[in-house]
Amino acid sequence: MATQNLPPGVTQRANGVWEKQTPHFDLTLVKGLVAQHRTTCFTLTALQGVQQMMLTMSEAMAAIAGIHQATCFYKSMSSTDFPGMWQDVYHVPTPKGDAYVKFQIALPAARSTAPPRVVIQFKAK
């Protein structure tokens, strides 16, 4: 795979996924969307991960609210399913151990009443 046209600061893994060491999304925006939409902005995969960690949704929400970019940010990566769509990965402390939390801001279509999808993965690290 050619990597010559990658943006500055971006590397490409063997499977074609792009990575960078700076967040793609503003963490304040992510936290605001999660606070506003609560569990409706979690994907089913993320909700299942919260349950598998034996966390309450209140504990998961508090963990997200407590994220500090400087200490919790791990990497940004492009989606394997939707090339060009970025996902930010954080290692987040929870009452049941560290979690691997992945954010992607997927806003609904115009005039849709569906909530945005923001927390796409929440699992034990």
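A few notes on this one:
- Globularity ratio of the chain, using Cα Rg and 2.2 N^0.38 Å: 1.08
- Counted charge near Glu19, where neighbours are those whose Cβ lies closer than 9 Å (Asp, Glu -1; Lys, Arg +1): +3
- Amide N proximity, region 72-110 versus Val10 label position 7 Å along Cα-to-Cβ, cut-off under 13 Å: 76-80, 83-87
- Percentage relative contact order, region 19-124, counting C-alpha pairs under 8 Å, at least six apart: 35 percent
- With each label modelled as a point 7 angstrom along the Cα→C-beta vector, the Leu47-Asp81 pair spans 1.5 nm.
- From the alpha carbon centroid of region 80-102 to that of region 51-67 is 13 Å.
- Residue order, fewest to most surrounding Cβ atoms within 10 angstrom, among Phe82, Phe103: Phe82, Phe103
- Exposure proxy order (Cβ contacts within 10 Å, fewest to most) of His68, His91: His68, His91
- Put a plus charge on the Cβ of each Lys and Arg, a minus charge on the Cβ of each Asp and Glu, and nothing anywhere else: the dipole of region 19-124 about its Cα centre is then about 160 debye.
- Zero-based 10 Å bins, Cα pair distances in region 1-58, whole percents: 18, 30, 29, 20, 2
- DSSP bridge pairs, the chain: antiparallel proportion in percent, nearest 5: 95 percent
Each reported figure results from applying straightforward, stated rules to the coordinates on display, with no laboratory input. Everything quoted here is computed from the prediction, not taken from an experiment. Backbone-built Cβ (ideal geometry, glycine too); neighbour counts: all protein chains shown.
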